[in-house]
Number of protein chains: 2
Amino acid sequence: MSNKKNAAQNNPASIKTYKKDSSVSYALGAAPTFELLKKYPEKATRVFVHSSWERGAASDELFKICRFIGIEPEERDKAFSVLSQKENCFVIGEFEKYELALDPSKAHIVLVNPSNSGNLGTILRTALGFGIYDIAIIRPGVDVFDPKTVRASMGALFSLRVKYFDSFEEYCGSKDCGATGRAFYPFMLKAKLELGSSPLKQRCSLVFGNEATGLPDSFLNVGESVIIRHSNEIDSLNLPMAVGIALYEWKRSGKL
Amino acid sequence: MSNKKNAAQNNPASIKTYKKDSSVSYALGAAPTFELLKKYPEKATRVFVHSSWERGAASDELFKICRFIGIEPEERDKAFSVLSQKENCFVIGEFEKYELALDPSKAHIVLVNPSNSGNLGTILRTALGFGIYDIAIIRPGVDVFDPKTVRASMGALFSLRVKYFDSFEEYCGSKDCGATGRAFYPFMLKAKLELGSSPLKQRCSLVFGNEATGLPDSFLNVGESVIIRHSNEIDSLNLPMAVGIALYEWKRSGKL
């Protein structure tokens, strides 16, 4: 891998603001970049470090990994002004985008039309924390490779399988899903089954709607719809919170 | 209340960016402003509406409440450019800041040195959702009246009692806490008791540390420390997530 080359590397000037249709994206920050280089070294194309990054154990480790996979880190402060809005970002990992099939034997999170990059990142991080590795996103949905999402996930993205589908029906009919024998739990305010009142099946799809609108009523006919009971003093829990609580309960169910 | 007057109202020019030591703060957006006017009409000082706000049922309702409490809404777009960074903000409620005692007979959330306004707002909204009304914040801690917090709380702030203490010891010794017979649950990665392994007492303090550093080890000697078990593939859950999951379990415990 020591002679890794790509068009971007051959043109040192080409650092552009990320767009949804870009073929590469960026891990902003040291922690997500480490995750990228450890989990998908073959997808990493360039690594930028800021001149003001304090050299020490972390930079030694980064340079070591880069050498191992054949990338020469570039000290280019311009990359940071173009790509990062945050002040405390000193390392950027560039990578080629990819898509992975889901594991049909495992539990999935299904996000129907998620619209917020930061929320999606938080969900990815929490999913990894509770041992769910497979995420289906039903279009239209926010771009999982948006640097804001990668950053909010703290690099968890690189440990997960994420796949987009044009509709929930497409997901259900896919090899990725493996619908036979799988339990479906759409989370809805109109649902009757209260989360925690009976154990969740372990091979299941936990399905969540858009931040503002939730799931459409048609999901009341899908599997067994579930509500996370809360007081009527708030309209709803926020989306990552609902997902996190569902995951906690799913994991707890596995021990019952 | 129809002759409500205050210095700010008498000087129409005085709209200033919010600062921590300001005596007034702002509810940005229609939903938080409605909560302010319903829960603390006596604290509301001015209401601004944007000229581009579409008039209809919501504006009728707002004007009605304003009339009832003796405030004349002001159409001043300048207020929005000064106070709000968000584009979708058409109503702003100004209010005098206040402090409330906590209810010592109730469960509390104790946040030790929280540093993020948005996180604090999300925690407030989730607390209200699970029926916890009392929040202690140990200084240094982010300002609960920061408009970013008020907005992230969706106005939940106005249904809660929030009080600052200079130290955890001060909180424990206060009338607000009522330490006798109260259970203390510090949430820590080094804790031994796993959340969900035994029911949480209902009159308790759920204690959480700073976003980056968590609680100091000294909290291992406070009450019964608790860990939300997650995989070692992530460093930690984010703070609002940890609080939300703890609250879910606390509420579940109450039904056991």
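Let me confirm something: among B:Leu124, B:Leu100, B:Leu62, B:Leu37, which residue is outside any loop (DSSP other than H, G, I, E, B), among the hydrophobic types (A, V, I, L, M, F, W, C) and closer than 22 Å to B:Pro140 by Cα? Can you show your working first?
On the way: B:Leu100 fails: outside any loop (DSSP other than H, G, I, E, B); B:Leu62 fails: closer than 22 Å to B:Pro140 by Cα; B:Leu37 fails: closer than 22 Å to B:Pro140 by Cα.
One residue alone meets the criteria, B:Leu124.
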Boolean, B:Gly129 is of a type outside the set (Asp, Glu) and within 14 Å of chain A (Cβ to nearest Cβ): yes
Check on A:Ala107, among the small types (Gly, Ala, Ser) and surrounded by 12 or more Cβ atoms within 10 Å (Cβ to Cβ): yes
Residue that is surrounded by the most Cβ atoms within 10 Å (Cβ to Cβ) [pool: residues in the stretch A:151-207 that are on the phi > 0 side of the Ramachandran plot and under 19 Å from the mean Cα position of the chain (by Cα)]: A:Gly155
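Here's the yes/no breakdown for (1) modelled with pLDDT of 95 or more; (2) touching a strand residue (DSSP E or B) at 6+ places or on another chain (Cβ under 7 Å); (3) charged (D, E, K, R):
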| residue | (1), (2), (3) |
| --- | --- |
| B:Phe145 | yes, yes, no |
| B:Phe158 | yes, no, no |
| B:Val162 | yes, yes, no |
| B:Glu169 | yes, no, yes |
| B:Cys172 | yes, no, no |
| B:Thr180 | yes, no, no |
Per-region count, the stretch A:238-256, residues surrounded by fewer than 24 Cβ atoms within 10 Å (Cβ to Cβ) and facing chain B (nearest Cβ under 7 Å): 2
Where a residue in the stretch B:198-226 is free of Cβ contacts under 8 Å to residues at least 40 places away in the same chain and its partner, wherever it lies, is surrounded by fewer than 13 Cβ atoms within 10 Å (Cβ to Cβ), with Cβ under 8 Å and at least six apart: B:Asp217/B:Lys190; B:Leu220/B:Lys190
Identity of the residue in the stretch B:131-161, out of contact with any Asp or Glu (no Cβ under 8 Å at 6 or more places or on another chain) and in a strand (DSSP E or B), that ends up nearest to B:Pro114 (Cα to Cα): B:Ile137
Count - residues of the stretch A:215-248 that are closer than 21 Å to A:Ala107 by Cβ, touching a strand residue (DSSP E or B) at 6+ places or on another chain (Cβ under 9 Å) and not in a loop (DSSP other than H, G, I, E, B): 8
Hits in the stretch B:71-116 - residues which are of a type in the set (Ser, Thr, Tyr) and more than 14 Å from every other protein chain (Cβ to nearest Cβ): B:Ser81, B:Ser84, B:Tyr98, B:Ser105
Selection count, the stretch A:149-176, where residues are within 14 Å of chain B (Cβ to nearest Cβ) and among the aromatic types (Phe, Trp, Tyr): 1
Residues of the stretch B:74-101 classified as more than 16 Å from B:Ser14 (Cβ to Cβ) and of a type in the set (A, V, I, L, M), total: 3
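The values are calculated or read from the model by the stated rules, or taken from the named source; none is laboratory data. Since we're looking at a predicted model, the values are computed, not measured. Every residue, glycine among them, receives a Cβ derived from its backbone with ideal geometry; neighbour counts consider all protein chains shown.
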